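The values are calculated or read from the model by the stated rules, or taken from the named source; none is laboratory data. Bear in mind the structure is a predicted one, so any value in this text is a computation, not a measurement. A quick note on method: Cβ atoms are made from the backbone with ideal geometry, for glycine too, and the neighbour counts reach across all protein chains shown.
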Amino acid sequence: MNFTDLGFIFGFLPAVLILQELTVLRRYRIPILIVASLIFYMFSGLLHVVVLLLNIVSVYMFTASARTKGSVWRLTAAVALPLASIFYFKYLNFFMSQIGLTPTPGIFKSEAALPAGISFFTFHMIAYAADRYFGKIEKAPPFSFFALFITFFPHLIAGPILRFHDVAKAITKLPSYRSLQSDRGIAISYFCVGLVLKILLADPLGNIIAPLKKTLTSLDWTGQFFIIFGYSFQIYFDFFGYSLMAIGLARWFGFIFPRNFDYPYESESPRAFWRRWHMTLSFWLRDYLYFPLGGNRAYVRNIIIVFLVCGLWHGAGWNFLLWGAFHACLVLGYAAVAPMWNAMPKLIQRSMTFILISVGWLLFQFDLSGVIQFFHAPSLSGTHGVYDLGSWLLLAMAAIVCFGFKLEPYIESQSKGYLRDGLLTITVAVLFVLSVMFANQSNDFIYFRF
């Protein structure tokens, strides 16, 4: 099930919200949300639910003891099944092909059987087990609390990547939580704005880019330009839109999710970019990989390891590893020339960072053969490109929204009991209606495949 599905918007979500608001069912809110989340996940496949539940039970079982703190074997046992699951479903075929073996479907094994969001819920479970090991979670919560933390449908498929302390208080207070009008207004606004970004910006950009990808060897400079920068905006609004919808959905139930984006394309350096793009992933890698490896004491080595893991987390392929290596080189290169870089005008810093990041997305879009074809395209004599005015106006609109609007402050202004800009509110409402009209034509979120 997808947040942009009409069945979700007008069926599943209203049903869950009604159950949430019924006074007689308040004491059962936690189990109701768990069941609802599993039903939501079941639309991805029954096998996915089985894998998810087995992982939840395994992690909780090995971390429930009061002796978990400092116990290496309990930590190892807790993360063993999640790591084995993600390796089997996501990386086994890639690994076998690299050692000369022919990948075979096997039991439950096929590309279609990749459990939705497995990369996300695996990181949730590893973080929880590590926090129990280090004593950051002193006492194991009730099983239902842990199960809801993992399965909660707003973040289950594509994040944000949470820590248990992000939701512990909200889960505890859930049976007695009463949503205020301002909270509901903020929740609806987050969801509507995210839906608009996804359906009216990300998807149309993707629809223009899709046919260009089929003609890589004959692209002219307009097609190359549009693929580089069009996809840069596409993936941003696709994932940013999802994150806003997730934040809005969670807000209705009393959960305050952390921001996942902080206007990353305005970053003044590649290092700053990773403090503002997919922030919950960046902070996870920092806290559970970079710091345990020694942090700045072995800066170059640890940066390389972190970004290779980041690339591999996104996908099983050499292009993703090279994408991670590319960003490691950007961050290390910036560190080497930081005084000179920082002396440049801010506009130049931001422009150079945006261009470098956008070019890097080519490794995200294509396998290695596709990247080679792209750079061998006959830029001046190509026969395929983007010539219609509407496509360029859409790209310009995406740039204006990206660099010219601060959406979260507008949304949060409703907590003060007023709408900061009535015209903007009406505009968003109209755009939401248009989004719903085109919802059936929406593409899957890009990060669903991770």
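Just to be sure before I move on: is GLN349 touching a residue at least 40 places away in the same chain (Cβ under 8 Å), over 28 Å from THR215 (Cβ atoms) and part of a helix (DSSP H, G or I) in the structure I sent? Against the criterion (touching a residue at least 40 places away in the same chain (Cβ under 8 Å), over 28 Å from THR215 (Cβ atoms) and part of a helix (DSSP H, G or I)), GLN349 qualifies.
Considered as a group, the residues in region 389-433 that are among the basic types (Lys, Arg) and at pLDDT below 80 include one that is surrounded by the fewest Cβ atoms within 10 Å (Cβ to Cβ), and that residue is LYS416.
Listed here are the residues, each with its yes/no results for (1) in the same structural domain as SER243 (by TED's automatic domain parsing); (2) outside any helix (DSSP H, G or I); (3) closer than 18 Å to LEU312 by Cα.
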residue: ARG67; (1), (2), (3): no, yes, no
residue: PHE87; (1), (2), (3): no, no, yes
residue: ASN93; (1), (2), (3): no, no, yes
residue: SER97; (1), (2), (3): no, no, yes
residue: SER119; (1), (2), (3): no, no, yes
residue: PHE123; (1), (2), (3): no, no, yes
residue: ILE126; (1), (2), (3): no, no, yes
residue: PHE149; (1), (2), (3): no, no, no
residue: GLY159; (1), (2), (3): no, yes, yes
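Candidates VAL24, VAL49: the one that is out of contact with any strand residue (DSSP E or B) (no Cβ under 7 Å at 6 or more places or on another chain), part of a helix (DSSP H, G or I) and modelled with pLDDT under 90 is VAL24. Residues in region 330-373 that are under 23 Å from the mean Cα position of the chain (by Cα) and farther than 20 Å from TYR236 by Cβ: ASP367 alone. Number of residues in region 202-222 that are out of contact with any Gly (no Cβ under 8 Å at 6 or more places or on another chain) and either in contact (Cβ under 8 Å) with a residue 12 or more places away in the chain or not small (Gly, Ala, Ser) (or both) equals 7. Listed by first and then second residue, the pairs linking a residue in region 15-35 that is closer than 19 Å to ASP183 by Cβ to a residue that is among the β-branched types (Val, Ile, Thr) and not in a loop (DSSP other than H, G, I, E, B), with Cβ atoms under 6 Å apart and 6 or more places separating them unless they lie on different chains, are LEU19/ILE32. Being out of contact with any Phe, Trp or Tyr (no Cβ under 9 Å at 6 or more places or on another chain), within 21 Å of THR427 (Cα to Cα) and part of a helix (DSSP H, G or I), is that true of even one residue in region 236-253? The answer is yes, given that some residue of region 236-253 is out of contact with any Phe, Trp or Tyr (no Cβ under 9 Å at 6 or more places or on another chain), within 21 Å of THR427 (Cα to Cα) and part of a helix (DSSP H, G or I).
One line per residue, one yes/no per condition, for (1) in contact with a helix residue (DSSP H, G or I) (Cβ under 6 Å, 6 or more places away or on another chain); (2) under 20 Å from ILE150 (Cβ atoms):
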site	(1), (2)
ARG27	yes, no
VAL35	no, yes
SER44	no, yes
VAL57	no, yes
MET61	no, yes
LYS69	no, no
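Among the residues of region 5-59, those that are hydroxyl-bearing (Ser, Thr, Tyr) and either exposed (fewer than 15 other Cβ atoms within 10 Å of the Cβ) or not assigned by TED's automatic domain parsing to the domain that holds LEU156 (or both) comprise THR23, TYR28.
Tell me, yes or no, whether region 296-311 has at least one residue that is surrounded by fewer than 17 Cβ atoms within 10 Å (Cβ to Cβ) and among the hydroxyl-bearing types (Ser, Thr, Tyr). Scanning region 296-311 turns up at least one residue that is surrounded by fewer than 17 Cβ atoms within 10 Å (Cβ to Cβ) and among the hydroxyl-bearing types (Ser, Thr, Tyr).
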